[in-house]
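Trainee: Here it is, the structure, as structure tokens.
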Amino acid sequence: MAGAAHCSLQAKRLLLDPKFEGYKLSLEPLACYQLGLDAAVAEVQLRDDQYTLDHMRAFGMYNYLHLDSWYQDNVYYVDQFGRVMNLSVTLDTALQKPREVFRLPSDLTACDNRLCASIHFSSPTQVTLSDGTGRLYLIKSGKRGNNASEKWEIVFNEELGSPFIIAHSVSFVKSDTHSLAVLLLRVEKDESDTKGSGFHVTLEWITIAEISEEGKCVHKYEVIKRRVLQGKSVPHYAAIEQSGDGLMIVSHKPFKFMESESDKLEENDDTKVLNEKKDPLYYWQQTEDDVTVTVHLPQDIIKDDIKVRFSPDNICVTLRDQPPLMEGKLYSSVDHESCTWIIKENKSLEISLIKKNEGSRWPELIVGDTRGEFIMDPSQCSEIAESLMHLTSEVMNPNPEKEKPPCNAQELEECDAFLEDGASLCRFDGDTFKVTHIINLGSNQYLFSVVVNPREMPCFCLRHDVDALLWQPHSDQPENMWEHIATFNALGYVQASKQDKKFMACAPDYSYAALCECLRRVFIYRQPTPLATVLYNRKEGRQVGQVAKQLVATLESNDPILGFQATNERLFVLTTKTLFLIKVNSGN
């Protein structure tokens with residue numbers, strides 16, 4: 001793509017565990033506390049005209065519980081009276097009722113087409129808040145947490161068009177001026193879309209700056225810049241860089257900047273290429289021992305025109321004196337002296353690569369090259385399913401003599417191994433409106449996002465093969481823009497078996513991951529820990545040094561789960577009338 005750097009996500013092998021043996025169901029009790037709410041959560045049901053999958057993803061699956069990452073164990077929600085309620089936890093056995101910290105000035109029930117109210121914590125002392133009617137509030141909160149009693153003061157309040165929810169916001173200082181950048185998400189009717197859903201998704205990127213009036217000590221905030229991106233799917237992840245200079249989006253379909261004050265899409269070649277469907281340059285298959293690559297050749301090419309150069313970690317294919325047709329670093333090393341190539345009868349070039357590390361599966365052929373298509377045969381699908389069956393054992397000590405360990409009867413199908421083939425991660429520049437970096441995520445299914453450090457961008461978790469890998473964006477490090485910081489072993493496979501899952505989360509210290517279903521059940525997956533007693537794997541005749549535990553909590557409520565947040569010590573689960581606290585880890 002012209003002007004955009006094609007990148008790839010580089011996993012740290014030291015953070016991967018190829019010998020992970022699966023989660024063992026633990027029956028240890030979890031302390032669970034519950035608080036009855038004075039008033040029900042301000043849940044907004046989807047209307048009859050909000051019938052698309054995008055409406056469901058953006059609003060129907062909305063997380064009504066908001067975690068303040070600047071202060072430990074502080075959560076917020078908005079109730080049906082428009083009150084922003086806060087629960088600050090210091091001691092589980094001395095819980096206090098959620099308390100009101102702010103009340104929305106407007107009557108929420110007066111707006112027929114309103115969305116759910118949304119909150120984002122931009123800094124330790126500032127909050128952005130939407131009432132769901134199209135009005136944005138910037139609030140000076142003072143220091144929050146530990147039941148702080150400072151009054152929340154509105155410093156900016158403006159109607160910004162049709163209803164939206166806040167996707168992200170950041171606070172920064174540039175040229176000695178304090179500014180905030182806020183990302184607003186809308187799903188809007190699209191009259192020109194006659195073949196699709198009839199809707200499009202917009203992300204409005206607003207910059208609000210502090211303006212000081214001459215001769216006055218009063219400081220007020222004004223909107224100084226509005227930019228709009230448009231796409232055809234709700235983004236899985238959308239976040240503004242901490243400097244306010246760029247934007248990162250993970251989405252199934254591409255986004256484009258619109259022309260200023262116009263509904264016409266900018267002809268942005270960088271993003272337009274994402275929509276174009278081209279025939280693959282090559283097809284490839286693999287076994288445990290080798291990789292076979294097939295390239296269709298032009299009719300006039302003969303054997304003498306072809307040059308294929310192998311090295312332990314690279315491949316280069318050229319036709320005549322043209323630029324290389326295929327060139328780059330292979331995903332893993334090969335025995336280059338044993339690699340061969342032939343021309344088949346159907347005028348195709350077939351290349352055989354012999355793997356140096358037998359048994360390993362390659363997720364891609366050439367690192368960062370998205371021009372090929374992987375072909376998986378049915379036998380490989382069933383082999384993968386069999387090899388993963390032990391990962392979701394339902395008993396603490398499954399029979400080690402059994403030839404095939406138990407599973408929850410979920411087989412890995414081809415569609416499960418390669419989800420959302422068109423998903424991509426793009427980085428947009430806020431000044432040029434161009435895509436500067438792009439990653440084709442291919443089979444790396446998006447799972448969830450989490451704030452590990454509130455002074456950094458939110459992390460996102462992707463499925464890599466069977467594992468779930470956590471990535472930290474670094475907008476100020478062009479050579480290491482996405483860093484692999486943690487791995488949740490086999491979570492990618494395990495979560496695929498949970499048909500009723502609604503939310504996923506993890507602790508900021510990576511000590512556990514968790515998911516909840518639409519009703520009652522919460523699943524917790526701890527990182528492997530050393531065993532206090534000696535345990536032997538009798539089948540393989542070796543000692544097991546550590547075990548990863550799965551825990552299950554069942555809530556005493558028949559109300560649907562509306563919110564779900566994780567901290568290092570606790571899980572917070574919100575239903576219509578109750579807030580549950582599950583103690584997962586003990587404090588230091």
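Trainee: Taking a virtual spin label 7 Å from the Cα of Trp362 along the C-beta vector, which residues in the range 288-323 bring their backbone nitrogen under 12 Å of it?
Mentor: 288-294, 311-316
Trainee: Between Lys189 and Lys220, what length in nm is gained on full extension when 0.36 nm per residue of separation is reduced by their alpha carbon distance?
Mentor: Answer, rounded to one decimal: 7.7 nm.
Trainee: A follow-up question, please. Taking θ = phi - 60°, what integer Hz values does the Karplus form 6.51 cos²θ - 1.76 cosθ + 1.60 yield along the range 195-205, in sequence order, with x for Gly and Pro?
Mentor: Those phi angles translate into 9, x, 6, x, 9, 10, 10, 10, 10, 9, 9 Hz.
Trainee: Let me ask something additional. Defining a contact as two alpha carbons under 8 Å apart and six or more residues distant in sequence, what relative contact order in percent does the range 41-232 show?
Mentor: Across the range 41-232, relative contact order equals 12 percent.
Trainee: How far apart, in nm, are the 7 Å Cα→Cβ label points at Asp431 and Asp49?
Mentor: 4.2 nm
Trainee: Provide the gained length on full extension for the span Ala94 to Arg309, in nm with one decimal, where the gain is 0.36 nm per separating residue minus the Cα-Cα distance.
Mentor: 70.5 nm
Trainee: Which shape class, rounded, prolate or oblate, goes with the range 282-370 when its Cα gyration tensor gives a ≥ b ≥ c as root eigenvalues, a/c under 1.5 marks rounded, and past that a/b bigger than b/c marks prolate?
Mentor: Taking the square roots of the gyration eigenvalues as a ≥ b ≥ c, the range 282-370 is prolate.
Trainee: With a 1.4 Å probe and all protein chains left in place, how much accessible area per residue does the range 176-252 have, in Å²?
Mentor: It amounts to 43 Å² per residue over the range 176-252.
Trainee: Amide H to amide H under 5 Å from Gln126: which residues, 5+ apart in sequence or cross-chain, H placed 1.01 Å off N in plane?
Mentor: Distant-sequence amide H within range of Gln126: Ser141.
Trainee: Per residue, how much accessible area does the range 415-517 show when a 1.4 Å probe rolls over the protein heavy atoms, in square angstrom?
Mentor: Accessible area per residue, the range 415-517: 33 Å².
Trainee: Heads up, I need the accessible area for Lys501: 1.4 angstrom probe, whole protein in place, Å², nearest 10.
Mentor: Per-residue accessible area (Lys501): approximately 70 Å².
Trainee: With each pseudo-label sitting 7 Å past Cα toward Cβ, what's the Asp509-Ser149 distance in nm, one decimal?
Mentor: 3.2 nm
Trainee: A further question on this structure: How much length is gained if the chain between Glu337 and Lys577 is pulled fully straight, taking 0.36 nm per residue apart and subtracting their Cα-Cα distance, in nm to one decimal?
Mentor: My answer for the length gained is 79.6 nm.
Trainee: Now a separate question. Which cross-chain or sequence-distant (5 or more) residues have an amide H under 5 Å from the amide H of Lys502, H modelled 1.01 Å from N in plane?
Mentor: Cys516, Glu517, Cys518
Trainee: Let me cross-check Ile375: its accessible surface, 1.4 Å probe, with only protein heavy atoms counted, in Å² to the nearest 10?
Mentor: Answer for Ile375: close to 70 Å² accessible.
Trainee: On to the next question. Sort Thr109, Thr202 by heavy-atom solvent-accessible area, probe 1.4 angstrom, most to least.
Mentor: I get Thr109, Thr202, largest accessible area first.
Trainee: Next question. Can you tell me the accessible area per residue over the range 282-370, all protein chains present, probe 1.4 angstrom, in square angstrom?
Mentor: 56 Å²
Trainee: Where the accessible area of the range 282-370 is counted over protein heavy atoms with a 1.4 Å probe, how much of it, in %, is carbon and sulfur?
Mentor: Carbon and sulfur together cover 45 percent of it.
Trainee: Moving to a separate point now. Quick one: compute the contact order of the range 282-370, relative version, from alpha carbon pairs under 8 angstrom and 6+ residues apart, as a percent.
Mentor: That works out to 33 percent.
Trainee: Quantify, in whole percent, the carbon and sulfur part of the accessible surface of the range 41-232 (1.4 Å probe; protein heavy atoms only).
Mentor: Here carbon and sulfur together make up 48 percent of the probe-accessible area.
Trainee: I need the phi-derived Karplus couplings for the range 20-29: 6.51 cos²θ - 1.76 cosθ + 1.60, θ = phi - 60°, integer Hz, Gly and Pro marked x.
Mentor: Values, residue by residue: 4, 9, x, 8, 9, 5, 9, 9, 5, x Hz.
Trainee: For the range 41-232, what is the convex hull volume of its Cα atoms per residue in Å³?
Mentor: Taking only Cα atoms, the range 41-232 has a hull volume of 136 Å³ per residue.
Trainee: Further, regarding this structure: Using the Karplus equation 6.51 cos²θ - 1.76 cosθ + 1.60 (θ = phi - 60°), what ³J(HN,Hα) coupling, rounded to whole Hz, does each residue of the range 304-318 give in order, writing x for Gly and Pro?
Mentor: Calculated HN-Hα couplings, in order: 5, 7, 9, 10, 10, 10, 9, 9, x, 10, 9, 9, 9, 10, 10 Hz.
Trainee: Sum up the charges of everything whose Cβ sits under 15 Å from the Cβ of His484, counting Lys and Arg as +1 and Asp and Glu as -1, but leave His484 out.
Mentor: For residues surrounding His484, the net value is -3.
The values are calculated or read from the model by the stated rules, or taken from the named source; none is laboratory data. Predicted, not measured: the structure shown is a model, and the values here were computed from it. So basically every Cβ, Gly included, is an ideal-geometry build from the backbone, and we count neighbours across all protein chains shown. For the accessible areas, the whole protein counts, side chains as well, though only heavy atoms, and no ligand, DNA or RNA atoms are used. Shrake-Rupley method; radii C 1.70, N 1.55, O 1.52, S 1.80 Å.
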